[in-house]
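Chemist: To start, I am sharing the structure in question, which I have written as C-alpha cells.
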Amino acid sequence: MIRTSHLPEADRFEYWTESVSRVLMPVNLYTRDPARFRGSMHLLDLGPVQISRVTCSSVHTRRTDKLIRRSDPEVILVTVPLSGRCVVTQSHDEAFADPQGLLVHPTWRPFSLKAYANEAGIVDGVLAMVPRSLLPRPRGVHYDRPMALTDADGTNTVLCDFLTSALGEIGVLRRPKAARLSLAVADLVAAAMIQDMGHDAPQGRQERLRTRLASIYRFIAENLGDPGLTPATIAAAHHMSTRTLHRLFENEGHTVARWIREQRLERCHRDLNDPTLWHRPIHAIAAGWGIEDAARFARAYRAKFGHTAQEYRRAAIERFLTAIEGTDDVRGRDDRREGA
C-alpha cells in the first residue's frame, strides 16, 4: 500500500512520482497543483501480472524513450476507470475511457496518459500490468497501439469484474496459484484485444506455433523459482526437443536461457525493493528465484542494472527511512502543538 496522507504536503507529489516509478515503471508525472496532490495505491503482485487500485488527484503520466531505455518490462497496461476519465496518446493514435470502460496500450513505446478527476477532484481506477510474453500473438496481432475496447462478446465485463474485485478478495497467495491467476488475466486481456481487432481464434501452422510459444512463456513464469528450470526441462515439459525449442525462439530477440536469466533478475530487483523482504539476505532472494550461485548472481545483477544488489537495497532503505523520518517530524510538530 502506498499513501501520501502521512507526508507533509510539500513532499507528497514527489514521493508519489518516485513510488509509481519504482513499483510500476519509470515515468514522469505532472499535476496542476502539486501542493494539494493526494494519492493512494493498493498493489497486488501476482508474479507475472500486477494489479493496482489507484485513487489520486488529476495527473498526467508521460513515458519517454529515455525512460524506456532505463527500464522496459514490456507490458500491456490495462486501465479500468471507476471515476474520472482517462485519455492515452501514443504516436498518432488516441484512445479514451470513461467509468467502467477499458483502455489498453503498450508501455514499450512512448505514451502520454492523462487522468482527469471527477467533480470531487478524484481519479479512481484499477490498473493491470500484463507482460507481453504472456499474450498469444496470432498473425496480424501486435498489441502495439492504444485501444479503447468494446464489449462485443462480454469478455470486457468479465475482465473488469475480475480486476475490480481481485484486490479485495484474493489476499495473500502462494506463488503457483498467483501465477495461474496471472495467466487467466493475460488470456482475458488477449481475448478482449483480439476480439476488438476483428481477429478470429488463431488458425494455421504459424498461429499454432505462436500459441505454443505463449504456453512456454507461461511455463517459464510459473517455474522461475525452480533452479532446475533449463531449456532441456522446458522442452521435456512441452514434449519437444531442445532443438525445436530453440528454433521457436529464433525470432524472439533472445534465447531461452537469456529470457530465464533476465526474468529472474527482474524478480530479484523487485524483491530487493520490498520492505517486507529486507530481513532476507540478498543471496536468499536470488536463490528463491532459482539463482543459487551468489557470485554469478552478483555479476549478472551488476551487468544488468549498473549497480550492485547491496547498493540498490541500501538506497531503497534510505528512501524508506527518509519517508518515515518525515512522518515523525510531522507527528512531532503536531504533538508539540497539542502540548502547547
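Chemist: Give me the 1.4 Å probe accessible area per residue for the range 64-107, excluding ligands and nucleic acids, in Å².
Modeler: On a per-residue basis, 46 Å².
Chemist: Taking R0 as 35 Å, what FRET efficiency do you get between D33 and E74 from their Cβ-Cβ distance, rounded to the nearest 0.05?
Modeler: Using R0 = 35 Å, I get an efficiency of 0.55.
Chemist: Further question: Leaving out ligands, DNA and RNA, what percent of the accessible area of the range 1-89 is carbon and sulfur, probe 1.4 Å?
Modeler: Carbon-and-sulfur percentage of accessible area, whole number: 45.
Chemist: If the only charges are +1 at each Lys and Arg Cβ and -1 at each Asp and Glu Cβ, what is the size of the charge dipole of the range 30-87 around the Cα centre, to the nearest 20 debye? Numbers along the way, then the final one.
Modeler: Working: 10 positive and 5 negative charges, 64 e Å.
I would put it at about 300 debye.
Chemist: Please give the residues of the range 1-31, grouped as numeric ranges, whose backbone N is less than 14 Å from a label point set 7 Å along the Cα-to-Cβ vector of A323.
Modeler: Counting only backbone N, you get 1-8, 11-25.
Chemist: Still on this model: I need the peptides 275-288, 97-110 ranked by packing, meaning the mean over residues of other C-beta atoms within 10 angstrom, with the highest value on top.
Modeler: Ranked by mean Cβ neighbours within 10 Å, highest first: 97-110, 275-288.
Chemist: Within the range 27-48, what residues put their amide N at less than 18 Å from the label point 7 Å along the Cα-to-Cβ vector of K66?
Modeler: Correct set: 27-31.
Chemist: Next question. Give me the one-decimal nm value for the distance between modelled label points at W108 and T164, 7 Å along each residue's Cα-to-Cβ direction.
Modeler: Between W108 and T164, the label points sit 3.1 nm apart.
The values are calculated or read from the model by the stated rules, or taken from the named source; none is laboratory data. Predicted, not measured: the structure shown is a model, and the values here were computed from it. Here the Cβ is made from the backbone with ideal geometry for all residues, glycine too, and neighbour counts use every protein chain on show. For accessibility, only protein heavy atoms count, side chains too; no ligands or nucleic acids. Shrake-Rupley method; radii C 1.70, N 1.55, O 1.52, S 1.80 Å.
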